Structure formats: structure tokens, C-alpha cells
Amino acid sequence: MNQKVFLVLALALTICQALPFVSYDDVDDTEVIELPGNLIDEMPPVLGKDIIDLTPLGTALFGRPDEEQTAARVGNFSADGDEMNPEELGSYLEGDMLVPQTDLIMKNGLPTQSSRWPNGVVPYEIRGNFNAQDMATIENAIAEYHRKTCIRFVRRSSERDYISIRSDNSGCWSSVGRVGGKQEVNLQSPGCLSRPGTAMHELMHALGFLHEQNRMERDGYVAIQYNNVQSSARNNFEKATRTEAFGVPYDYGSVMHYSKNAFSINGQPTILAMQASGAEKMGQRAGFSDFDIQKLNRMYDCGTVNTAPFSPAAPAPGVAGGAAAGSGNPIVDSFIGGLISGLGLGDDKKETSS
């Protein structure tokens, strides 16, 4: 038997033996998955390029949505009067990164990894109480991804891993990457939807991106003015120990960059640009920068964008159809489909049929 095929079948059997228990959330009738362990943590090295290491973020990534201080700050936010962005007002890690600390997470242990979304396809639902203007802002953010990248947000049907866009009074926040199961992206209305780029920013977190000004090489581009930073927010400016920027240069104009006064205690700048052109670009939330688009397309292996119509990836015939498609479990299907892609079996099939 072909060694690659044998590996696929062996791993499929292993995963099928550890299928999750599925129950339902009484609050909104959504599925809750109890895994015997962190499935993403247990993925084999062959999928390493798709794994996002959350370890440097530490336990501060996990917590409870803040319906008091953060909700009040974002509720009082004015797009016309405030120099900062609403996602910089949160009490969460770096202002807006949060994996809600649920009983399920505590039972299974805090995950140390997330991953990219397979094939750049992100199932989603909208559960928030959004008005027509809010919906237009969210839809425009999604449309920008579709216009400029190969990433596709598709309405959720029965997928186990998906994002749920909500409008709870807890500010603007998202987890980082695909953490598994239902994961929330919160956009408190109207504050988090008063600038076009905030929704794009939070969705970029969900796709696996971190803040620009925390890159490991940032000291060559910005100077952090710690004397102007709120004492409780100093850790928000810690540099990453390792940065995966996919060869894209530091970008003052990134939709993922803080504004110059982020977390200021006295109204004075907390971030000074070391290049003359940088100061006016930092913190913009009008939309993607050119470098944002490059980074998205490189992270998700888009190649030449929009050269072919979008269609969800189908399992490869033969091995994938027997091992994954026949399992009836979307988690196994997604896992095996990604594994086949990583092993290059799908590419072999294309070459023989061309």
C-alpha cells in the first residue's frame, strides 16, 4: 500500500476513536462539543504550517467578557471626537483579544494552539442585534475579504468550527485563529461599527493575525512611551518573541496597528513613529492596507487572487472519500481533508487527470 495512503488511513482511525460528544446550548440551541483533549493541539507535524502557537500570549488570552468597564468605554466612544479606536478600549489582552473562559474550556484545559481555517473558508453566523447600518458595515468588511483575498466567509449550516458575530455589551474582541467549535467575534453597537476597519480588524484576529506594533522588530519603527501608558496596560505593548509576517515589511498603515494614543493615561502619545510617514498612518480604520492584503494572501496561500470562481474544496476521491467523507463527522472530514492536502495527495490526483 502507498505509504501516504497508509498514513491517512491510520490517522483517520485514530481520530475516529476519539470522536467528540455533542450536546446543545440551552441558551441559543447551538452545538457544544466536548473533546477528549485539545484536538488542535494533537494535530501531527505534517500540518505544522497551519498551526498558530498561542503559548506566548499566556493565560491572559482567556477571561470573561467585560460588561462593565469595557462596555461603558465603548458605549461612550465617539468616532468623531476620539483619537483612539474602540478596540483599544477593552480590558482584554492587548485590548481586544479574548477566548471566553467557559466551563468547557476549563474542563478540557486551556488550548495552547489554534490554526488557520482550512482552505480559507470560514463558516459564520450573525447572532447580534444589529441595525441596518451595522449590518452594512459587517457585510462590507466581509465583501472586502472576498474582493481582495481568497478567504471566503460562508453562512454556517452544520459546521462544527465557526464564528458567531455578536453585539453584546462587552466591547470589541475576538479570539486568535480557529480555536475549535463555536467562537465569538463581538462587535458592540454602535461603537465597534462606527469605523469600517474595526470589523475587519476583529475578523483578522479570528483568521490568526496579531497586532502590528507588537512585532518583534517593532523597536526599529516605533518607540513606546511607557511613561504615558496606563499602568494596567503596560503588558499590552510587550513584543512578540517570534513574529510570522510572511515576508511582509512593518506596516504603520495596517488595520492591525494601534493608534498613537492607545492606552494613554494622560492624552499624550504612547507610540511614536520613527519614520516621518508613519505618524499619520498609525491606527487608521478605513480599510485594509496593501501590506494587510499581501499578508492575508500569503498566510492563506492565495496565489493569484480571484483567478478562479470560489467553490468549497471537495474530498479527494478514493482515500478521502472512504476515510473522511464516509465518517459522517465534519471534524474528521476537515482534519483528513487538510492532511491529504498537506501530503500532496490531492495534487497528485490533479496531475494524473489533467
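The values are calculated or read from the model by the stated rules, or taken from the named source; none is laboratory data. Since the structure is predicted, the reported quantities are computational estimates derived from the model, not experimental observations. Neighbour counts are summed over all protein chains in view; Cβ atoms, including those assigned to glycine, are modelled from backbone coordinates with ideal geometry. Surface accessibility is based on the protein's heavy atoms, side chains included, excluding ligands, DNA and RNA. Shrake-Rupley method; radii C 1.70, N 1.55, O 1.52, S 1.80 Å.
Residue count for the stretch 274-306 under the criterion of being surrounded by fewer than 19 Cβ atoms within 10 Å (Cβ to Cβ), of a type in the set (Gly, Ala, Ser) and touching a residue at least 12 places away in the same chain (Cβ under 8 Å): the result is 5.
Residue by residue through the stretch 122-138, note down the ones that are among the hydrophobic types (A, V, I, L, M, F, W, C) and surrounded by 17 or more Cβ atoms within 10 Å (Cβ to Cβ). Of everything in the stretch 122-138, those that are among the hydrophobic types (A, V, I, L, M, F, W, C) and surrounded by 17 or more Cβ atoms within 10 Å (Cβ to Cβ) turn out to be Val122, Ile126, Phe130, Ile138.
Of all residues in the stretch 255-305 being in a loop (DSSP other than H, G, I, E, B) and of a type in the set (Lys, Arg), which is nearest to Trp117 (Cα to Cα)? Selected residue: Arg285. Total residues in the stretch 186-217 satisfying the condition of being open to solvent by 10 Å² or more (accessible area, probe 1.4 Å) and either more than 20 Å from Cys172 (Cβ to Cβ) or charged (D, E, K, R) (or both): the figure is 4. Would it be correct to say that Thr241 is in contact (Cβ under 8 Å) with a residue 40 or more places away in the chain, within 23 Å of Phe291 (Cβ to Cβ) and touching a Cys at 6+ places or on another chain (Cβ under 8 Å)? The answer is no for Thr241.
Filtering the stretch 240-267 to residues that are open to solvent by 20 Å² or more (accessible area, probe 1.4 Å) and more than 18 Å from Glu280 (Cα to Cα) leaves Ala240, Thr241, Arg242, Thr243, Glu244, Phe246, Gly247, Ile265, Asn266. A Cβ distance below 7 Å, combined with a sequence gap of six or more or placement on separate chains, defines the contacts here; from the stretch 209-226, residues that are under 17 Å from Asn261 (Cβ atoms) and in contact (Cβ under 8 Å) with a residue 12 or more places away in the chain reach residues that are assigned to a helix (DSSP H, G or I) and open to solvent by less than 40 Å² (accessible area, probe 1.4 Å) in the pairs Val222/Gln213; Ile224/Phe237. Restricting attention to the stretch 51-104, the residues being under 12 Å from Gly171 (Cβ atoms) and β-branched (Val, Ile, Thr) number 2. Kindly evaluate Ala136 against the criterion of being farther than 16 Å from Pro190 by Cα and at pLDDT 95 or above. No: the conditions fail for Ala136. Looking at the structure I just gave you, is Ile40 over 17 Å from the mean Cα position of the chain (by Cα), buried (at least 18 other Cβ atoms within 10 Å of the Cβ) and at pLDDT below 90? It is false that Ile40 is over 17 Å from the mean Cα position of the chain (by Cα), buried (at least 18 other Cβ atoms within 10 Å of the Cβ) and at pLDDT below 90. Within the stretch 73-82, does at least one residue satisfy the condition of being within 19 Å of the chain's Cα centre (by Cα) and without any contact (Cβ under 8 Å) to a residue 40 or more places away in the chain? No: the stretch 73-82 contains no residue that is within 19 Å of the chain's Cα centre (by Cα) and without any contact (Cβ under 8 Å) to a residue 40 or more places away in the chain. Selection of the stretch 139-155 for residues being in a helix (DSSP H, G or I) and either surrounded by 22 or more Cβ atoms within 10 Å (Cβ to Cβ) or not hydrophobic (A, V, I, L, M, F, W, C) (or both) yields Glu139, Asn140, Ala141, Glu144, Tyr145, His146, Arg147, Lys148. Here is the figure for the stretch 219-235: residues that are open to solvent by 10 Å² or more (accessible area, probe 1.4 Å) and either assigned to a helix (DSSP H, G or I) or within 26 Å of Arg116 (Cβ to Cβ) (or both) total 9.
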